[in-house]
Amino acid sequence: QVQLVESGGGLVQAGGSLRLSCAASGRTFSRYTMGWFRQAPGKEREFVAVIRLSDGYTYYADSVKGRFTISGDNAKNTVYLQMNSLKPEDTAVYYCAARNTLVVVTNVDRYDYWGQGTQVTVSS
């Protein structure tokens, strides 16, 4: 069983930055694929970014490419999402998710473990 705890959300003005953290339990963290997803009010949960911790491979949604950076620290069992140049449309609850596999996917229903989410609000 893996437990995920997100932190770092908050209120920021458009153009600002935030860094989200996701702390994971478990002894084989480096064998996991970790994803960030978000869900805005009235919308479905959507993929944001993913990292394969064994080799650092990353992949991003087009809407955040060039503005967001996902990274991982295997020693700390923590994944980060650095968000720069934030826009009001980035406002959502952000969730961390994990899969015990090296196969990178972006589908919400392919992830086994989820955190409780952290709110990100970007004001215009």
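Quick notes
- The value obtained for the chain, namely the Cα convex hull volume divided by the number of residues, is 91 Å³ per residue.
- Region 39-106 and region 1-28 have their alpha-carbon centroids 10 Å apart.
- Mean sequence separation of contacting Cα pairs (under 8 Å, at least six apart), scaled by the length of the chain, corresponds to a relative contact order of 36 percent.
- With all protein chains in place and a 1.4 Å probe, the accessible surface of region 69-111 carries 45 percent carbon and sulfur.
- Each Lys or Arg adds one and each Asp or Glu takes one away; over the other residues whose Cβ falls under 10 Å from the Cβ of Arg52, this sums to +1.
- Summing charges over all other residues whose Cβ lies under 12 Å from the Cβ of Val105, with Lys and Arg as +1 and Asp and Glu as -1, gives +1.
- Distance (nanometres) between label positions extended 7 Å along Cα→Cβ at Lys65 and Asn107: 2.2
- Fully extended contour minus Cα-Cα distance, from Tyr57 to Asp73, at 0.36 nm per residue: 4.4 nm
The values are calculated or read from the model by the stated rules, or taken from the named source; none is laboratory data. Predicted model, so just to flag it, every value in this text is computed and none were measured. Note: ideal-geometry Cβ built from the backbone for every residue, glycine included; neighbour counts use all protein chains shown. Accessible surface areas use protein heavy atoms only, side chains included; no ligands, DNA or RNA. Shrake-Rupley method; radii C 1.70, N 1.55, O 1.52, S 1.80 Å.
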